[in-house]
Amino acid sequence: MGRTEVTENFLQERGAEWTSDDELRRVDHYGDPDAEYETVAQGGLAIMERGRRDTLVISGEDAVPWLQGLVTSDLHELVDEGNGQRTAFVNTTGRFVGEARVLHLPELLLLDMEPGTLDGGLYSHLRQHIILEKVNLDDRSDATARVGFFGERAAEVLERLADWKYPPGERPPFHGSWSRWSGRDLIVQRVVWSRLPGFEICCDVDTVVPLMEAIETLEGSLPLIGHRTFETMRIEDGIPRFGTELHDRVIPLEAHFDDAISYEKGCYLGQEIIARLDSRGIPAKLLRRVVLDGKEVPQPGTTVYSVDDEKKIGHVESAAYSPRHDAPVALAFVKRNHNDIGNAVRIDDAEGRLQPLLDLTALS
């Protein structure tokens, strides 16, 4: 589920144009993607109905020590309620099984993931590692929705909307807060999907329309954006997404998941591979941004060539046309010995130079 018919009709009335990706129905745009992008960049606020997200609630007296052995991050950093982080689940070869944003709420951990993560293998992966531990896994994906708030005014609008336990604008990346609003429970988490401030409200599926109506009343309008604008912002700043750039052929270090890896917490599944690669190895490939000359947006899977010797050195994972650069931007894995920042590459008939991803560790 993840979206009710009432929500779908509400969005339809506001001009939603739909798209489907792997049977997942999303709002592509509301009539003018370029105007939507300007709404975020210049207007300072955009609202996004995020559609279905995988949502897992983990509780029980052994929840933290059990999960600590299955993720790359250090859950002890979540000791205070409201603390959050992003993390990765990897297999014995150090490759992604899943990726999540974890939030510590009273008596439980809330995990937000890309749709399809649980059914794609993560849920069974978690279940097979519960032996005698007192751990409860509650898949709340069908009953839970998310509404995104993006732009410089996002925190200010959120703080006018509800009386939060902690002011959202003061929370570091991936930390969160909660509120009781109009008899309904709201949870907010700061997210990083671009360089612009971003927050997502987690709520019951029946809360989405009343929440959006309240924002519309508060603001005098409802500045909606669709998935196309969201992806454009994400790609042009270089934020990888599970199921797109992150998958079972990628080790977190290859995608610059430094903020989601602890090298001091001790053993976890896949830790040996990641620690060895960090201390003695060079990743076989690294994810880079490429801002290209020309106007044509390359397709996923397109080969990346070295300009110097025309060698095949990588491939495109995703791409979009960036209004900020007035040029196509691609996210591509590039082989070692060819992926230094500033190196010239060719994709199709366009040239560009390798650029870094957004550094999440520098955000506050």
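Laboratory data are not the source of any read-out in this text; all were calculated from the coordinates shown. Given the structure is predicted, the values throughout are model-derived calculations rather than measurements. Glycine gets a Cβ as well: all are built from the backbone with ideal geometry, and neighbour counts include every protein chain shown.
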>> Can you give me the long-range amide H partners of Arg241? Hydrogens built in the peptide plane at 1.01 Å from N, cutoff under 5 Å, separation of 5 or more residues or another chain.
In response: Leu246
> At Ser182 and Lys295, where each label point lies 7 Å from the Cα along Cα→Cβ, what is the point-to-point distance in nanometres?
Replying inline: 4.4 nm
>> Could you work out how much longer the chain between Ala214 and Asp138 gets when fully extended? Use 0.36 nm per residue separation minus the Cα distance between them, nm to one decimal.
In response: 24.4 nm
>> Explain nothing, just compute: Karplus ³J(HN,Hα) = 6.51 cos²θ - 1.76 cosθ + 1.60, θ = phi - 60°, for every residue of region 241-256 in order, whole Hz, x for Gly and Pro.
In response: 10, 5, x, 10, 8, 9, 7, 6, 10, 10, 8, x, 4, 6, 10, 6
>> Just to be sure I understand the model, the point goes 7 Å from the Cα along the line to the Cβ. What's the resulting Thr303 to Asp206 distance in nm?
In response: 5.7 nm
> How big is the Kirkwood radius of region 284-357, worked out from every pair of different alpha carbons and given in Å to one decimal?
Replying inline: 11.7 Å
> How would you order 296-304, 18-26, 103-111, 272-280 from highest to lowest mean count of nearby Cβ atoms within 10 Å?
Replying inline: 103-111, 296-304, 272-280, 18-26
> In straight Cα distance, which lysines are under 28 Å from Lys335, not counting same-chain residues fewer than 8 positions off?
Replying inline: Lys285, Lys295, Lys311, Lys312
> Going by average Cβ neighbours within 10 Å, how do the peptides 125-132, 219-226, 264-271 rank, with the highest at the top?
Replying inline: 219-226, 264-271, 125-132
> Ranked highest first by the average count of other Cβ atoms within 10 Å around their residues, in what order do 158-166, 36-44 fall?
Replying inline: 36-44, 158-166
> What is the dipole size for the chain, taken about its Cα centre, with +1 at each Lys and Arg Cβ and -1 at each Asp and Glu Cβ, in debye to the nearest 20?
Replying inline: 820 debye
> If you project the alpha carbons of region 1-106 onto their three principal axes, what span does each projection cover, largest first, in Å?
Replying inline: 48, 32, 29
> Cα centroids of region 158-204 and region 262-324: how far apart, whole angstrom?
Replying inline: 32 Å
